[in-house]
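Shown next, in structure tokens, is the structure this report addresses.
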Amino acid sequence: MLRVTEIFRSIQGESTHAGRPCTFVRLTGCPMRCVWCDSEYTFSGGEHYSIDDILVQVEAFGCKLVEVTGGEPLAQKEAFNLIQRLCDEDYEVLIETGGYVSTADVDPRAKIILDIKCPASGEEPRNDWSNLQRLRADKDEVKFVIADEGDWTYAKRIIQENYLEARARAILISPAWGQVDLQQLADWIAASGMKIRMQLQLHKYIWGPDVKGV
Ligand code: SF4
């Protein structure tokens with residue numbers, strides 16, 4: 001059984017898949033506590049579903065793109081079986097993970113969007129650096145959420161030291177909502193000359209920052 005906060009259909013709001021129709025399976029719980037977290041409502045509660053129950057709901061939405069997210073989706077052991085079953089059913093599966101849990105046992109057919117926590121999140125010491133070794137340049141994306149200039153400097157260093165421009169399908173630079181000036185962030189990115197992309201959380205601009213289930 002898995003503890004699930006919500007299952008819904010929307011458009012993908014982040015990553016290079018932004019704008020695509022997508023069904024989201026948002027699992028409950030996260031061992032991290034990023035100071036700017038926008039998903040605190042996933043930390044507790046939720047309802048227990050079997051994998052079969054989840055698959056029935058996902059099928060009803062009729063999207064071939066499915067994102068397993070959270071919270072931290074990989075914090076529940078059964079999530080790895082859910083991902084495998086979704087892949088078996090020929091869904092294109094995205095995993096949005098906070099980077100604390102090892103991705104070693106994720107079904108290789110799934111595409112991983114891996115957060116690297118920057119210092120201002122308060123959770124930088126908990127990054128599992130082994131996850132970088134498993135990145136696949138044709139599939140996986142890396143995301144840095146930037147809250148201030150210190151985070152931006154940190155992100156550039158991590159990208160360069162780990163050769164991420166060659167090792168990830170995309171490097172996403174995302175502003176922490178309301179914490180960094182967007183034009184300033186755009187200027188930093190433009191001046192960097194790096195193979196990275198700025199991303200805005202599309203769903204927040206469409207429905208507002210506090211609406212759930214979108
Ligand atoms: S990893 Fe994600 S869900 Fe967990 S505290 Fe950080 S932002 Fe929130």
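The values are calculated or read from the model by the stated rules, or taken from the named source; none is laboratory data. Keep in mind the model is a prediction, meaning the values are calculated, not measured. Here the Cβ positions follow ideal geometry from the backbone for every residue, glycine too, while neighbour counts run over all protein chains shown.
Here are some notes:
- Test: Gly99 is surrounded by 18 or more Cβ atoms within 10 Å (Cβ to Cβ), at pLDDT 95 or above and either touching a strand residue (DSSP E or B) at 6+ places or on another chain (Cβ under 9 Å) or of a type outside the set (Phe, Trp, Tyr) (or both): yes
- Restricting attention to segment 54-76, the residues being within 15 Å of the ligand (Cβ to nearest atom) and more than 24 Å from Ala18 (Cβ to Cβ) number 2.
- The residue that is surrounded by the most Cβ atoms within 10 Å (Cβ to Cβ), counting only those in segment 167-214 that are touching a Leu at 6+ places or on another chain (Cβ under 6 Å) and of a type in the set (A, V, I, L, M, F, W, C), is Ala168.
- Among the residues of segment 10-43, those that are away from the ligand (no atom under 12 Å from the Cβ) and hydroxyl-bearing (Ser, Thr, Tyr) comprise Ser10, Ser15, Thr16, Thr23.
- Matching entry among Ile95, Ile113, Ile54 (being more than 13 Å from the chain's Cα centre (by Cα), under 22 Å from Lys212 (Cα atoms) and among the aliphatic types (A, V, I, L, M)): Ile54
- Count - residues of segment 151-172 that are within 22 Å of Trp36 (Cβ to Cβ) and in contact with a helix residue (DSSP H, G or I) (Cβ under 6 Å, 6 or more places away or on another chain): 4
Condition check ((1) under 20 Å from Ser102 (Cα atoms); (2) over 17 Å from the mean Cα position of the chain (by Cα); (3) small (Gly, Ala, Ser)) across all residues:
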position	(1), (2), (3)
Arg126	yes, no, no
Gln133	yes, yes, no
Ile146	no, no, no
Trp152	no, yes, no
Ile171	yes, no, no
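- For segment 143-166, the criterion of a residue being part of a helix (DSSP H, G or I), surrounded by 14 or more Cβ atoms within 10 Å (Cβ to Cβ) and touching a residue at least 60 places away in the same chain (Cβ under 8 Å) is satisfied by no position.
- Criterion: within 13 Å of the ligand (Cβ to nearest atom) and in a helix (DSSP H, G or I) - qualifying residue of Ala120, Ala79: Ala120
- Scanning segment 32-46 for residues that are surrounded by 13 or more Cβ atoms within 10 Å (Cβ to Cβ) and more than 15 Å from the chain's Cα centre (by Cα) yields Tyr41, Phe43, Gly46.
Conditions (1) free of Cβ contacts under 8 Å to residues at least 12 places away in the same chain; (2) of a type outside the set (Lys, Arg); (3) part of a loop (DSSP other than H, G, I, E, B), marked per residue:
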residue: Val68; (1), (2), (3): no, yes, no
residue: Ser102; (1), (2), (3): no, yes, yes
residue: Asp105; (1), (2), (3): no, yes, yes
residue: Arg109; (1), (2), (3): no, no, yes
